[in-house]
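Some notes on the structure that comes next.
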Amino acid sequence: MADPTPPTASPRSAPGALRRPPSLAARALAGSACLGVIFLVWWWATRGAAEERLISPATLGSPSEVFGSFKSLWFDRALTRHTAASVWRVMQGFGLAVLIGVPLGILAGCFPLLGAFLAPLNLFGRNVPVAALIPLTMLWFGIDELQKVMFIFIASVAFVLSDAMQNVINVEQKYVDTAYTLGASRRQVIFKVLLPMALPDIFNSLRLLFGVGFGYIILAEVVNMDRGLGTLITVSERRGPREHVYLCLIVITLVAYAIDRLIYRLGFLLFPHRRRSS
């Protein structure tokens, strides 16, 4: 006898269900709506003559005034040269953090005693206020290019190490036990089991942390300003036009997003099984 109860939709697939992943079109529409609201509020607060505006043009220009100043930012302030300088600094500092933090993190994940040994340094690096590293790096490395690179390195390396260690720890123990049961040596377990299984997650963590490291560039370039997006922001805030400050923030966001997408795609090339499982 057939069941008279009609089939019910899964709670996860129902409209408005908790943690239901939206479609690509829905995500794009939601993001566009958010930008639309921001621009609408921005336009409304900065519309009309200067004396009639809700926000003074000395604080925030209208959208047309801000984006209209892009030409002078590009040509008069050499935006591309400053952007390239900032990206290169982040790549040097974060690259050094990866070279040191990832191997140490993998070893700390494989050997918990090493993780306990590094715990005080890791705890300090993850919790010290980033701004407090500016005088410290000035004391150790001076005020030139080395200070900016080392600032980003010190600000990033503890997070890189910690995430690499945690990703190794997250590999399920059953794979290690199986490898030992099949006669694998400790070296083989590390290089044939733990490392291959943890690498995709380590790579993804590095992608996310690179964005954080890029956010530190403003602080790194406060000292001995010569070039870089942080320098452009500081100079524009002090000497004007103030519109350049907002444009630089938008440029930083777009550059960071572009690099994030590039690394994201690179991850699919390096670990193609992740594309199939995603």
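The values are calculated or read from the model by the stated rules, or taken from the named source; none is laboratory data. Note that the structure is a prediction, hence the values are computed from the model and not measured. Note that we place each Cβ from the backbone using ideal geometry, even for glycine, and neighbour counts take in every protein chain shown. Each accessible area value is taken on the protein alone, full model and side chains, heavy atoms only, with ligands, DNA and RNA left out. Shrake-Rupley method; radii C 1.70, N 1.55, O 1.52, S 1.80 Å.
A compact table of results
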quantity	calculated
Residue within the range 79-90 that is over 20 Å from the mean Cα position of the chain (by Cα) and either within 30 Å of Ile190 (Cα to Cα) or buried (at least 19 other Cβ atoms within 10 Å of the Cβ) (or both) present	yes
Evaluation of Leu146 against (1) under 18 Å from Gln92 (Cβ atoms); (2) in contact (Cβ under 8 Å) with a residue 12 or more places away in the chain; (3) part of a helix (DSSP H, G or I) (one fails), failing number	(2)
Within the range 56-69, considering residues that are of a type outside the set (A, V, I, L, M) and assigned to a helix (DSSP H, G or I), the one least open to solvent (accessible area, probe 1.4 Å)	Pro63
Single residue of the range 222-274 satisfying the filter (among the polar types (S, T, N, Q) and open to solvent by 50 Å² or more (accessible area, probe 1.4 Å)) that is farthest from Glu65 (Cα to Cα)	Asn224
Some residue of the range 133-149 being closer than 22 Å to Ile202 by Cα, open to solvent by 20 Å² or more (accessible area, probe 1.4 Å) and of a type in the set (Val, Ile, Thr)	no
Residue identified as modelled with pLDDT under 90, more than 30 Å from Phe210 (Cβ to Cβ) and open to solvent by less than 60 Å² (accessible area, probe 1.4 Å) among Ala9, Ala17	Ala17
Qualifying residue in the range 146-154 (condition: touching a helix residue (DSSP H, G or I) at 6+ places or on another chain (Cβ under 6 Å) and under 28 Å from Pro272 (Cβ atoms))	no
Positions within the range 43-78 being within 27 Å of the chain's Cα centre (by Cα) and among the basic types (Lys, Arg), in sequence order	Arg77
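Listed here are the residues, each with its yes/no results for (1) open to solvent by 80 Å² or more (accessible area, probe 1.4 Å); (2) within 29 Å of Val149 (Cβ to Cβ); (3) among the hydrophobic types (A, V, I, L, M, F, W, C); (4) part of a helix (DSSP H, G or I).
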{"site": "Ala30", "(1), (2), (3), (4)": "no, no, yes, yes"}
{"site": "Gly36", "(1), (2), (3), (4)": "no, no, no, yes"}
{"site": "Arg47", "(1), (2), (3), (4)": "yes, no, no, no"}
{"site": "Leu54", "(1), (2), (3), (4)": "yes, no, yes, no"}
{"site": "Lys71", "(1), (2), (3), (4)": "yes, no, no, yes"}
{"site": "Phe94", "(1), (2), (3), (4)": "no, yes, yes, yes"}
